[in-house]
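Inspection log for the structure reproduced underneath, given as structure tokens.
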Amino acid sequence: MLSTVHVMIRIKKEIQRLKAKSYPISFGMACDNITIKSTMHFLQVPGHATPYTNSDVIPLPPSRRTWSKKVFVFFWFATAINIAEWSGASASLALGLTVQQAIIVNLTSTIM
């Protein structure tokens, strides 16, 4: 599997290779001709972005955070109900735990 850095290097090399060429690409009647050069410019990663820090991974400032405690709790419950939780509960029943023990183990693992 390629890392983000390797993908960025490949894209940069491809952009450099295609900079001299400008092929019109037609997207039917809905759009005018768009060149590969302009498309590659649109897809290019800004210079200040690194594989470890960019606008997608840095936390939002407190003024832009809109989640309340209620929304966070509901999101937590929604993520707790998934196939892994059901599989864990059924596996603990198959191992011989009672229903009450399986529920306690499942709740404990969800909280942690």
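Worth pointing out:
- Probe 1.4 Å, protein heavy atoms only - accessible area per residue of segment 38-112 in square angstrom: 88 Å²
- Counting 0.36 nm for each residue step from A94 to K69 and taking away their Cα separation leaves a gain of 5.4 nm.
The values are calculated or read from the model by the stated rules, or taken from the named source; none is laboratory data. None of these values were measured; they are calculated from a predicted model. Note: accessible area is taken over every heavy atom of the protein model, side chains too, but ligands, DNA and RNA are not part of it. Shrake-Rupley method; radii C 1.70, N 1.55, O 1.52, S 1.80 Å.
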